[in-house]
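Written out below as structure tokens is the structure these notes cover.
The values are calculated or read from the model by the stated rules, or taken from the named source; none is laboratory data. Please read these numbers as outputs of a predicted model, since none were measured by experiment. Every residue, glycine as well, gets a Cβ built from its backbone with ideal geometry; the counts of neighbours run over all protein chains shown. Areas reflect the complete protein model, heavy atoms only, side chains present, ligands, DNA and RNA absent. Shrake-Rupley method; radii C 1.70, N 1.55, O 1.52, S 1.80 Å.
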Amino acid sequence: MASLSVKPGQRFTLPDWQNNAHRISADAEHQRSTSHQIRQEARALRNDTGNQAKWDECDTRTCLKDRITSVDRWREVLARCLTDIDLEIDALTKVKEAAEDALQAKNLCLDVAIECLTFRESRRDIDVVRDPVEEELLREVKVIEKTKKELQQRVDEAFKQLCLLKEARQQLNLDHRHKVEALELDQQCLSFNVTSGNISFKVNPTRIPDGTTALREWELNSQCNKDRADAEMKASIELRGAIMLTIAQTNNELEAQRMATEFALRKRIRDMEGALSELRWQEKNTLEEIAEMEEDIRQLEEDLRKRTLDLKVAHTRLETRTYRPHVELCRDQAQFGLTGEVQDLEAAIRALQQKRTESQNALDALYRQLHRIQTDIGYKTNSLQLDNKCMDTRRKLVIPVEKFDPEVDAVNRTRNLPRNSQLELA
């Protein structure tokens, strides 16, 4: 007879089954409610963050545009100021050159006056009198010396003012260049967007870099540069007026220049030629030493390369011997020899590197010295050329241009006078 099989396990009551279904339904509703709330909060957060990001980016673009406008305005101001100061530098340079030319022109008048007084010292007997002509000549000498002193003072003032103008221009140019660079960077920042290919995360982007200045300090710096340039240009304009007035006054009194002594020029030329000869000898020896040093450095580098290769071989041998099996991995004489070889090679390489460094430093010093010698040769060659040009130019002062002969000794033509006829001015 067949029997009813009963499954083992716990039996739940109908209320348990109903309570379980209610709990599942309640939990599902709770989870759906929670999920719905989170979704709504997420949507609100997305909207808020998206709007905030757009407004922030818009504010940033506005700030960048305002900053670009401000920097560009200052750039234009500084560019105009640079143009003005360049024009003023050129104008003051021309006035300074005019003052130097006027100062040079006074030399001929002084030379003529002294030469006339010297000639008049050759008068004899009763004709040696202090007549009105001699008094006028002595007065002319005093006036010439006075005007030369005034012109020299104006030239010195113009030189100092040019230095101040160039210093102010340098500050303006530096400020202008920095603003051009800042404009390029800000315009590049303004062009960035989410599709740009060169955007990425940066390390600590909100840091304050060293040397950061305040906005007020930035404005004051540019304003101070402009104000200083304006002040120097104003002073330069006033100085130009004073120089032109001085030139006009002195040109109304005197016109010409005096011949400089050729004995001093010849002595200077001889000294310059001797100095050039010595410098060229030093240049030749220095070049020879440089060639020898460069060859020694090449040999040092070749030896260093060879010792490096030897060290690689020793390292490879030592490393290869570490793979000997079991008891064969012993510290034999070959191991000691290789270790000593590595130490010796490393010491040799260090010594070669140190000597190469010392040799390179010595070579650099030789090149610096050669540059100094060659620069000095250039200076002295230029000075010698100028002195020779001065010699020829000053010899033309006593000889008509159409009859000028470079072989004529201008000193003997004008200065070979009796020793007792030298003029002593009161």
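So here's what we get for this one:
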| quantity | calculated |
| --- | --- |
| Subset of region 95-131 that is over 28 Å from T246 (Cβ atoms), open to solvent by less than 80 Å² (accessible area, probe 1.4 Å) and part of a helix (DSSP H, G or I) - its residue that is modelled with the highest pLDDT | T118 |
| Cross-chain or 6+ apart pairs with Cβ under 7 Å, region 162-181 first and without any contact (Cβ under 8 Å) to a residue 40 or more places away in the chain and outside any helix (DSSP H, G or I), then open to solvent by 80 Å² or more (accessible area, probe 1.4 Å) and of a type in the set (G, A, S) | none |
| Verdict on L92 being within 24 Å of D175 (Cα to Cα), in contact with an Asp or Glu (Cβ under 8 Å, 6 or more places away or on another chain) and open to solvent by less than 80 Å² (accessible area, probe 1.4 Å) | no |
| Within region 271-322, tally of residues that are of a type in the set (G, A, S) and outside any helix (DSSP H, G or I) | 0 |
| Only listed residue being basic (K, R), open to solvent by 90 Å² or more (accessible area, probe 1.4 Å) and at pLDDT below 85, chosen from R73, R23, R43, R11 | R11 |
| Any chance S222 is touching a Phe, Trp or Tyr at 6+ places or on another chain (Cβ under 7 Å), hydroxyl-bearing (S, T, Y), at pLDDT 80 or above and assigned to a helix (DSSP H, G or I) | yes |
| Selected residue (only one of L287, L363 is in contact with a helix residue (DSSP H, G or I) (Cβ under 6 Å, 6 or more places away or on another chain) and not polar (S, T, N, Q)) | L363 |
| Residue selected from region 197-219 under the condition over 27 Å from the mean Cα position of the chain (by Cα) and modelled with pLDDT of 85 or more, by the criterion most open to solvent (accessible area, probe 1.4 Å) | R216 |
| Verdict on L45 being touching an Asp or Glu at 6+ places or on another chain (Cβ under 9 Å) and among the hydrophobic types (A, V, I, L, M, F, W, C) | no |
| Candidates N361, N416 - the one that is modelled with pLDDT of 80 or more, among the polar types (S, T, N, Q) and at negative phi | N361 |
| Looking only at region 133-180, and only at residues there that are among the β-branched types (V, I, T) and open to solvent by 20 Å² or more (accessible area, probe 1.4 Å), the one that is modelled with the lowest pLDDT | V133 |
| Set R46, R75, R11: member being outside any helix (DSSP H, G or I), of a type in the set (D, E, K, R) and out of contact with any His (no Cβ under 6 Å at 6 or more places or on another chain) | R11 |
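For every residue, the table says whether it meets (1) under 30 Å from R80 (Cβ atoms); (2) at pLDDT below 65.
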position	(1), (2)
R228	yes, no
R240	yes, no
L245	yes, no
N252	no, no
Q257	no, yes
E273	no, no
